[in-house]
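The values are calculated or read from the model by the stated rules, or taken from the named source; none is laboratory data. Keep in mind that this is a model prediction, so the values were computed, not measured. Neighbour counts run over all protein chains shown; Cβ positions are idealised from the backbone, glycine included.
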Amino acid sequence: MDNDTQKIELFDENDIVVFEPSKMLNVPSSTIHIENKMSLVQKKLWFELVYYAFPKMGTQRKYTITLARLRELLGWNETTSNDTELKEALRGLNETTVNWNIFGKDTKNTSWQSFPLLAGCEIPKNSGNCIFSLSPFLEDRFAAMGEEAYVKIDLIISRKFQSKYSLSIYCLALDYLMLEIGYSEKKFSIAELRRYLALKEGEYKLTADMNRWIIKPSEEEINKTSDMNIEIKPFKDGKKIAGYKLCMSLKEGRAKEYLDRKNKMRQSVSLDTLISDDENKIFIKKEITKKELIQINNEQLKKFFAKYQISFTTDTFQEKLEEAKQLFGADNFQNYLVYLSKYAENEYKKGTIKSFAGFFVSLFKDDTQINNYFHDIEQENKKLEAKRIKVENLLDGEVKAKYENAMYGDFEEFLVNNIITLEKKFIEIVNTHITKGFARDYLIDMQNKGVVDKTLILNHKKHVRLVLINELKKFQEELGYKKITFDEWKINTITNDYLNQIRSEIEKSLK
């Protein structure tokens, strides 16, 4: 019973599949959303009793479990020293009535309901057994919920908690965590959390006290004890803290384990065909094998589905995903979902949509947006192509400017190295062609006292002789300088890494 993985054996005869039970407990979502008036021991005990009774629900009303087993499940020694505490815990489950579905997540059941967790229990003298029954309302609630409405709680983990508040918040976080994505966020007002945690009117009245003694310790214990990473962040309404946002994700490897277990169940069995023979094994008739779930791996979509609590594992949604995959291709179908998510959010902001999740699912089922999507893709591709051409033109200009700068430096170096042998030709060109302008006025007349010879090149700093060398570029061939072509220079000088770097800088400047 304490194994935390499921082992599966298949028997061909009678078409039977045998699951050795793990410690995963499925409880309806609305039974998590109760006023948690229970003590830590009571909460752990209730989970264990439900786990024990679940396979037999619908076939009997009373369940018998040994006291030794209850002590073992609660981690108590094999003695009777804790029987008084056990009886008090059972009495509390029997006498405490709770309100269900306090956050209204179960929209199908809108009736007000209040009933105890246990309908009754007894420990016959010298029997070593505990006989208990659950409320018929509760059993009906378990039977009526669909697969997607169950919360999976690992009882091996829940046993480790030392604070009832930590365990309660952990269960709440599990309910709002989307396993397919592995991450979720959910906001709760302070009033909602106080009701959920069953805090009395005078208890932790100051938000700072609630944060110090409940919120932060719970965050630390959940992160340390459980399979979940959680961050509980305050959010404000104006300057005042209005509530807390739960940001939760499963630890590495755990999400895959949950999904693998769920997929094995979905692929091979139906939850409506449970047949129990004893507490050690559950026999399940084999049903038609289902296809493996189409997963969503786009990060933007994951956050979107998590934000609006949209499940994509239902049969109808999976069928549309398959259609979209065929239409848009395996690599692009999620882009269509991103398009629909943006459209849905824009419509939602107009205030005409009551149920966002319902609107998005119906939008996805309806194909009327496909033509709009293709039109927008075409327009976007045109914009991208125009931008690409602009980027390449700017890139080409950048490279050519670099080429001209390189050629200027190379020509200057040629003149410096060969000015002695070229001096006669140099003087002839300067005196013939550079008779006026800034180069004549500034460098020759002012800096060189009107003298035209090799000193114009050798005796002046680079930035000073610049004005003359710019004028001489027109006479490079006469001076014997052979300029390499742009293509030759580019092949020998410019690397792909450099081009990609400049291209990236240009693209950023155009945003």
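For the reader, a short list of remarks on this structure follows.
- Hits in segment 195-212 (condition: loosely packed, with under 15 Cβ neighbours inside 10 Å and more than 13 Å from I232 (Cβ to Cβ)): K200, E201, G202, E203, K205, L206, A208, D209
- Check on Y481, over 30 Å from R503 (Cα atoms) and assigned by TED's automatic domain parsing to the domain that holds Y498: yes
Per-residue answers, yes or no, for (1) without any contact (Cβ under 8 Å) to a residue 60 or more places away in the chain; (2) in a loop (DSSP other than H, G, I, E, B):
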{"position": "V451", "(1), (2)": "yes, yes"}
{"position": "L456", "(1), (2)": "yes, no"}
{"position": "H460", "(1), (2)": "yes, yes"}
{"position": "H463", "(1), (2)": "yes, no"}
{"position": "V467", "(1), (2)": "yes, no"}
{"position": "E471", "(1), (2)": "yes, no"}
{"position": "L479", "(1), (2)": "no, yes"}
{"position": "K482", "(1), (2)": "yes, yes"}
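- Note on segment 191-219: among residues that are part of a loop (DSSP other than H, G, I, E, B) and of a type in the set (A, V, I, L, M, F, W, C), the one that is farthest from I156 (Cα to Cα) is L206.
- Within segment 347-391, tally of residues that are in contact (Cβ under 8 Å) with a residue 40 or more places away in the chain and not basic (K, R): 7
- The residue that is farthest from M24 (Cα to Cα), counting only those in segment 153-167 that are surrounded by 19 or more Cβ atoms within 10 Å (Cβ to Cβ) and polar (S, T, N, Q), is S166.
- For segment 414-449, a residue qualifies if it is surrounded by 13 or more Cβ atoms within 10 Å (Cβ to Cβ) and in a loop (DSSP other than H, G, I, E, B), and the qualifying residues are I434, N448.
- When segment 220-230 is filtered for residues that are crowded, with 19+ Cβ neighbours inside 10 Å and assigned to a helix (DSSP H, G or I), the ones remaining, listed by number, are E221, I222.
- Cβ-Cβ contacts under 7 Å between residues 6 or more apart (or on different chains), taken from a first residue in segment 185-208 that is more than 27 Å from L250 (Cβ to Cβ) to a second residue that is assigned to a helix (DSSP H, G or I), are listed as Y204/M210; Y204/W213; Y204/I214; T207/I190.
- Qualifying residue in segment 379-399 (condition: β-branched (V, I, T), in a helix (DSSP H, G or I) and surrounded by fewer than 12 Cβ atoms within 10 Å (Cβ to Cβ)): yes
- The residues of segment 449-471 that are at pLDDT 90 or above and acidic (D, E) amount to a single one, D453.
- Test: residue in segment 47-68 that is assigned to a helix (DSSP H, G or I), surrounded by fewer than 16 Cβ atoms within 10 Å (Cβ to Cβ) and either among the acidic types (D, E) or at pLDDT 85 or above (or both): no
- Hits in segment 484-498 (condition: assigned to a loop (DSSP other than H, G, I, E, B) and loosely packed, with under 13 Cβ neighbours inside 10 Å): T485, T495
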